[in-house]
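Before any comments, here is the structure.
The values are calculated or read from the model by the stated rules, or taken from the named source; none is laboratory data. All values derive from a computational prediction rather than experimental measurement. Here the Cβ positions follow ideal geometry from the backbone for every residue, glycine too, while neighbour counts run over all protein chains shown. Heads up: the accessible areas ignore ligands, DNA and RNA and are worked out on the full protein's heavy atoms, side chains in. Shrake-Rupley method; radii C 1.70, N 1.55, O 1.52, S 1.80 Å.
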Amino acid sequence: MQRQQDIPNWYGRAVGSWVAAMYRWAAGVLIVALCVTVGAVYVLATQLQINTDNEDMLSADLPFRQDSKAIDDAFPQFSDNLLVVVEAGSADLADDAALALAARLRQTTAVFGSVYDPAGDPFFRRNGLLYMDLEDLEGLADRLAEAQPFLAALWRDQSLRGLAAMLELVIDAVLDGQADTPIAIAPFLNAIADVAAAQRDGRFAELSWQQIMQGQAGDNTPTIRHRRFLVIQPRIDFESLRPADDAMSALRSLAIEMHLTPERGVRVRLTGSAALNHEELSSVEQGMEWAGLISLMLVLILLTLAFRSWVLVLAALVVLVVGLIWTAAFALLAIGTFNLISVAFSVLFIGLSVDFAIHFILRFRESCAAGTVPADALRESGEQLGGALSLCAVCAALAFYGFLPTDYRGLAELGLIAGTGMFVALFANLTLLPALLAILPATAPARSDEVAWTQALAARVRGREGTVLWGALAAALVSAMFLPKTTFDFDPLNLKDPETESVATLMDLIDDPNVGPYAISILARDFVAADALSQRLEALPEVASVETISAYVPADQEQKLDVIADLGLFLAPALGAPPMAAPTDAERHD
């Protein structure tokens with residue numbers, strides 16, 4: 001009976017004939033390959049684009065993408081924003097810093113675009129008291145009414161002399177037995193002493209009148225943070241790997257120029273969708289550069305150890321690089337742009353394509369070591385490996401093509417590029433590699449000691465098949481014990497680098513329920529529909545809170561307006577007089 005391997009293999013013979021033809025026509029093959037490669041490089045140089053918009057990595061036909069687009073169209077100011085977080089040790093300092101920074105940002109709209117300062121908006125500055133709870137507003141009004149004489153003294157003389165006059169009034173009130181003065185003297189004096197001590201030691205410190213009027217004058221612990229937020233919508237270049245770089249770099253430079261630094265008691269940090277995407281892209285760019293460099297270095301080391309011939313290493317690397325260029329050009333012609341996921345095809349291609357070259361070259365060397373001339377050795381290698389290599393390429397391509405049906409566009413495009421890249425790699429190794437081996441200097445055959453150790457390793461495994469299988473089964477059972485502990489992390493924030501400024505800032509803000517990123521936006525037809533939906537959602541145990549546009553209409557307006565009117569009667573006379581001129585040098589010395 002004829003053995004299976006002796007049965008004619010038409011596909012193997014065809015591959016062998018093809019490889020032999022590439023060897024004979026090496027010069028022409030290399031010229032054609034060079035022309036194709038130059039054309040591919042031209043395509044890359046003129047059409048290379050990377051779409052860095054994370055939303056475009058999902059199909060635009062998905063319902064939530066359509067809903068998101070509708071919300072963006074209705075409220076364009078809420079998309080692609082930078083959230084500027086201004087933090088300071090006191091509310092006064094944070095407010096002053098935010099107002100000054102917003103004013104400077106509005107002077108450079110070409111870079112920073114629109115600037116929205118929620119707490120500094122003129123409407124809320126004028127009507128902010130209406131948004132306080134009625135009880136809190138009444139308490140504030142009582143404290144301000146009681147403090148009217150002290151505020152009047154400070155208003156008339158806004159200098160150290162006026163501060164001393166106000167302190168004298170407070171001390172007199174305490175000495176007269178008024179224990180419940182609106183300004184607690186001990187914490188107030190302690191706060192002044194703390195500021196003076198800090199200034200003496202060269203540290204920045206500032207007295208917070210808001211904290212004093214709220215009874216927090218002695219609360220100067222450094223862990224307390226007072227925040228103000230600015231929302232800007234800069235120009236975003238989604239064709240760049242650093243889409244918000246201009247705005248973020250300019251904003252950081254502006255903060256330093258304005259002395260909004262920790263040394264001056266202020267810290268300015270950036271987060272928001274634009275900052276998160278920008279720093280994620282920067283991380284991806286650095287990661288891809290390192291991944292590509294490391295993979296190439298490891299491949300070079302592997303090829304050197306395997307071939308021990310610079311000629312064979314050079315041939316394999318040339319085929320690898322040319323195949324990578326061809327695949328990248330195909331991607332641009334077929335899809336048009338890369339995305340954050342599809343650009344990773346290069347690392348996959350390097351790792352998988354080099355396998356074809358390794359198998360082919362090692363089989364070629366083995367034939368040469370047996371005394372076969374190079375032309376016949378290449379034909380034999382093609383006949384014996386053509387089917388196996390083609391099968392490997394098809395299997396790998398099918399695995400990648402399995403991503404095509406997904407609505408995750410980024411993954412689908414990666415599957416198309418990487419899958420097609422397997423056929424490109426196979427073609428390059430069966431076409432370009434034989435031609436290179438034909439023109440490069442003759443290679444040394446495999447040494448006997450290289451073959452001996454592999455044969456010795458195989459001999460040690462033979463006869464111990466049962467031990468190997470039982471060991472594999474034991475390892476599988478031990479691994480299976482850990483399966484119940486496997487969890488899936490659904491939070492996309494955990495995919496981002498926690499060391500970046502935008503992520504670290506967002507994590508600090510998450511504890512604030514008014515700032516947390518875990519929210520759902522719903523576009524309703526009108527106010528009535530929004531309020532009705534809000535009532536149904538609030539009844540769900542899974543919903544923590546619901547806010548609609550109606551929340552911007554203050555409640556209890558009539559009662560609050562009455563309180564504010566009474567407060568105006570108390571404070572208007574005290575704050576109506578023009579302030580005194582600052583004392584002269586002579587008066588200060590006296």
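Per the Debye formula with a single identical scatterer at each Cα and no solvent contribution, what log10 I(q)/I(0) holds for segment 283-429 at q = 0.19 Å⁻¹? Treating every Cα as an identical point scatterer, log10 I(q)/I(0) equals -1.13.
Only sites in a loop by DSSP and with at most 15 other Cβ atoms within 10 Å count here; which trypsin sites (Lys or Arg not before Pro) in segment 477-538 make the cut?
Working: sites: LYS485, LYS496, ARG525, ARG536; in loops: LYS496, ARG525.
Within segment 477-538, the qualifying trypsin sites (Lys or Arg not before Pro) (loop, at most 15 other Cβ atoms within 10 Å) are ARG525.
At the residue level, THR467 shows approximately 100 square angstrom of accessible surface with a 1.4 angstrom probe and all protein chains present. Straight Cα distances below 27 angstrom link LYS485 to the lysines LYS496, with same-chain residues fewer than 8 positions distant left out.
In the chain, one over the average inverse separation of all distinct C-alpha pairs is 31.3 Å, which is the Kirkwood hydrodynamic radius.
When the GluC sites (Glu not before Pro) in segment 491-540 are filtered for DSSP coil states and for at most 12 other beta-carbon atoms within 10 Å of their beta-carbon, the remaining sites are GLU499.
At the residue level, ILE335 shows approximately 50 square angstrom of accessible surface with a 1.4 angstrom probe and all protein chains present. Restricting the calculation to Cα atoms, segment 101-183 shows an Rg/Rh of 1.19 when the hydrodynamic-style radius is the Kirkwood one. Between the alpha-carbon centres of segment 320-396 and segment 494-537 there is a gap of 48 Å.
Can you give me the accessible area per residue for the chain, using a 1.4 Å probe, in Å²?
Working: 34420 Å² over 590 residues.
Here the residues of the chain average 58 Å² of exposed surface.
Ignoring the sites themselves, what is the longest stretch of the chain with no chymotrypsin sites (Phe, Trp or Tyr not before Pro) in a DSSP loop and at most 11 other beta-carbon atoms within 10 Å?
1-481
Could you check how much of the accessible area of the chain is carbon and sulfur, as a whole percent, using a 1.4 Å probe? Kindly include the intermediate steps, with their values, before the conclusion.
Numbers: 21360 of 34420 Å².
Roughly 62 percent, rounded to a whole number.
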